[in-house]
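*Asks:* I have a structure here, written as structure tokens, and I will follow up with some questions on it.
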Amino acid sequence: MSSIDTLIVGGGLVGLATAGELAAAGLTVAVAERHPRAGLETSTHNSGVLHAGIYYPKGTLKAELCVEGVERLYDFCTREGVPHERCGKLIVAESPDEMGALEALASRGTANGARGLEIVDREFVRAREPHVAACAALWSPNTGRVEAEALVGALLRRAHSRDAIMLRSARVMGAEAGPSGFTVRLERETIAARTIVAAAGLYADDVSRSFGGESFTIYPCRGEYAELRRSRCDWVNGLVYPLPLESGHGLGVHLTKTVGGAVLLGPTAKYQSEKDNYERDRLPLEDFVEPARRLLPGLTLDDITYGGSGIRPKLHPPEQSFADFMIRADRHQPALIHASGIDSPGLTACLAIAVRIARLVKECLA
């Protein structure tokens with residue numbers, strides 16, 4: 001039976017970033033990923049936007065780690081050759097009635113430390129996005145985009161280069177806690193680990209129960225995308241968002257021009273019971289037309305086609321509007337460190353989250 005300092009459950013962006021961080025500190029680290037490849041769930045089922053830190057309540061982990069994380073991620077992507085761009089984002093007001101909400105959003109973002117936020121007029125919007133309708137907008141120059149799959153690959157290479165071990169198709173089958181850590185049964189082997197990092201995304205609640213940890217619920221919330229047809233992709237140059245949904249469940253159907261040149265419309269937000277239902281009962285394309293036309297008035301049904309979908313691992317049910325990241329030691333099992341409820345801005349914050357988790361692991365091992 002192998003014995004290591006830390007077993008990370010989950011090989012998404014947060015798990016891989018944490019593996020590299022811990023291995024750099026000289027700890028023996030393995031990542032147990034339930035799929036044959038890393039990053040196949042939430043990490044790559046998203047729009048690849050690097051957020052500036054505008055939306056989240058001041059003082060929350062989401063606000064703090066987003067602002068810290070975006071700078072870490074820009075530096076990392078530049079060093080590692082990950083395709084990305086600090087392209088900026090427009091959050092538009094459709095009418096003067098929305099100016100109060102836009103100004104409140106600007107104030108929140110500035111309080112969080114988001115850089116360079118500015119209310120701009122119709123002419124500014126038109127110069128950047130000639131096909132977009134807006135009476136004004138909040139301009140965020142520090143927002144960007146990244147190729148998420150390339151980012152997963154770069155974090156995996158970094159972890160490997162620091163001697164972290166990647167265990168693929170390694171589902172946790174059970175675990176026993178002891179005085180010196182955990183004995184963990186995987187599908188093909190058993191590992192003794194002094195500490196566990198639960199970075200299991202949609203399955204974080206199941207993993208916590210497996211280790212005798214706290215009971216909580218991950219609520220799957222599916223987001224679906226449409227795409228502009230290739231012949232229409234020149235209608236959008238960057239990132240264009242409406243004001244966020246009042247429910248707090250998402251940022252509204254927005255326009256994202258990806259690093260590869262596709263234009264995504266979405267995501268929507270719908271709670272569901274299944275954690276792996278990405279495609280069943282997809283919304284009809286017609287449902288994307290009205291919200292997208294608020295930004296692109298010239299859009300018709302013939303201009304769009306189906307895109308992908310993703311599932312957000314939320315820590316709050318539909319009747320609530322916000323839950324922060326859960327990044328802390330378990331109250332029942334102190335050697336179990338949670339990285340749970342990592343929905344947006346989890347991609348942006350992954351390196352900052354890893355630093356926070358590494359600190360908790362070192363404290364536990366001290």
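*Asks:* Could you identify the single residue in GLU214, GLU149 that is in contact (Cβ under 8 Å) with a residue 24 or more places away in the chain, not in a loop (DSSP other than H, G, I, E, B) and not aromatic (Phe, Trp, Tyr)?
*Replies:* Details: GLU214 fails: not in a loop (DSSP other than H, G, I, E, B).
Just a single option satisfies the conditions, and that option is GLU149.
*Asks:* Follow-up. Mind counting the residues in segment 277-298 that are free of Cβ contacts under 8 Å to residues at least 40 places away in the same chain and touching a helix residue (DSSP H, G or I) at 6+ places or on another chain (Cβ under 8 Å)?
*Replies:* Of all residues in segment 277-298, those free of Cβ contacts under 8 Å to residues at least 40 places away in the same chain come to 279-281, 284, 286-287, 289-290, 293.
Still in the running and touching a helix residue (DSSP H, G or I) at 6+ places or on another chain (Cβ under 8 Å): 286, 289.
Qualifying residue count, segment 277-298: 2.
*Asks:* Go through segment 146-160 and give me each residue that's closer than 13 Å to ARG79 by Cβ and open to solvent by 30 Å² or more (accessible area, probe 1.4 Å).
*Replies:* Within segment 146-160, ARG157, ARG158 meet the criteria.
*Asks:* If you don't mind, another one. Mind listing just one residue for me: the one in segment 265-287 that is under 20 Å from GLU94 (Cα atoms) and surrounded by 15 or more Cβ atoms within 10 Å (Cβ to Cβ) and, of those, modelled with the highest pLDDT? Before the answer, list the steps.
*Replies:* Filtering segment 265-287 for residues under 20 Å from GLU94 (Cα atoms) gives 265-268, 287.
Keeping just the survivors that are surrounded by 15 or more Cβ atoms within 10 Å (Cβ to Cβ) gives 265-268.
Values: LEU265: 97, GLY266: 94, PRO267: 94, THR268: 94.
Residue satisfying both the conditions and the ranking: LEU265.
*Asks:* Something else about it: Please pick out the residue among ASP281, ASP302 that is out of contact with any His (no Cβ under 9 Å at 6 or more places or on another chain), on the phi > 0 side of the Ramachandran plot and acidic (Asp, Glu). If you could, list the steps in order and put the result at the bottom.
*Replies:* Values: ASP302 fails: on the phi > 0 side of the Ramachandran plot.
So the residue among ASP281, ASP302 that is out of contact with any His (no Cβ under 9 Å at 6 or more places or on another chain), on the phi > 0 side of the Ramachandran plot and acidic (Asp, Glu) is ASP281.
For every residue, the table says whether it meets (1) in contact with an Asp or Glu (Cβ under 8 Å, 6 or more places away or on another chain); (2) assigned to a helix (DSSP H, G or I); (3) within 30 Å of LEU301 (Cα to Cα).
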position	(1), (2), (3)
LEU155	no, yes, no
THR183	yes, no, no
ASP205	no, yes, no
SER208	yes, yes, no
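*Asks:* Something else: Having 3 or more residues that are open to solvent by 40 Å² or more (accessible area, probe 1.4 Å) and in contact with a helix residue (DSSP H, G or I) (Cβ under 7 Å, 6 or more places away or on another chain) is the bar; report the helices (runs of 4 or more DSSP H) wholly within segment 25-129 that clear it.
*Replies:* Values: elements: 61-80, 99-112, 122-128.
In segment 25-129, the matching helices (runs of 4 or more DSSP H) lie at 61-80.
*Asks:* With the requirement that a residue be within 22 Å of the chain's Cα centre (by Cα), buried (at least 16 other Cβ atoms within 10 Å of the Cβ) and either hydroxyl-bearing (Ser, Thr, Tyr) or under 20 Å from GLY261 (Cα atoms) (or both), what does segment 289-314 give you?
*Replies:* GLY307, GLY308, SER309, GLY310
*Asks:* ALA175: touching a residue at least 60 places away in the same chain (Cβ under 8 Å), over 21 Å from GLU71 (Cβ atoms) and surrounded by 23 or more Cβ atoms within 10 Å (Cβ to Cβ), yes or no? First the steps, then the outcome.
*Replies:* Working: touching a residue at least 60 places away in the same chain (Cβ under 8 Å): no; over 21 Å from GLU71 (Cβ atoms): yes; surrounded by 23 or more Cβ atoms within 10 Å (Cβ to Cβ): yes.
No.
*Asks:* Next question. Tell me, yes or no, whether segment 322-330 has at least one residue that is touching a residue at least 12 places away in the same chain (Cβ under 8 Å), charged (D, E, K, R) and open to solvent by 30 Å² or more (accessible area, probe 1.4 Å). Quick ask: steps written out before the conclusion?
*Replies:* Here is the first cut: in segment 322-330, the ones touching a residue at least 12 places away in the same chain (Cβ under 8 Å) are 322-330.
Still in the list and also charged (D, E, K, R): 324, 328, 330.
Those left that are additionally open to solvent by 30 Å² or more (accessible area, probe 1.4 Å): 324, 328.
The answer is yes; a qualifying residue exists.
*Asks:* Which members of segment 349-366 meet the condition of being open to solvent by less than 10 Å² (accessible area, probe 1.4 Å) and at pLDDT below 95? Break it down into steps so the answer makes sense when it comes.
*Replies:* At the first step, the residues of segment 349-366 found to be open to solvent by less than 10 Å² (accessible area, probe 1.4 Å) are 349-350, 352-354, 357-358, 361.
Result: no residue meets the conditions.
*Asks:* Restricting attention to segment 219-250, which residues are more than 27 Å from GLU98 (Cα to Cα) and either free of Cβ contacts under 8 Å to residues at least 40 places away in the same chain or open to solvent by 60 Å² or more (accessible area, probe 1.4 Å) (or both)?
*Replies:* TYR219, ARG229, ARG230, SER231, ARG232, CYS233, ASP234
*Asks:* Please list, ordered by first then second residue, the pairs with beta carbon atoms under 9 Å, 6 or more apart or interchain, first in segment 95-112 and over 20 Å from ALA133 (Cα atoms), second open to solvent by 80 Å² or more (accessible area, probe 1.4 Å) and assigned to a helix (DSSP H, G or I).
*Replies:* ASN112/GLU64
The values are calculated or read from the model by the stated rules, or taken from the named source; none is laboratory data. Since this is a predicted model, take the numbers as computed values, not measurements. Neighbour counts run over all protein chains shown; Cβ positions are idealised from the backbone, glycine included. The area values use the complete protein model at the heavy-atom level, side chains included, leaving out ligands, DNA and RNA. Shrake-Rupley method; radii C 1.70, N 1.55, O 1.52, S 1.80 Å.
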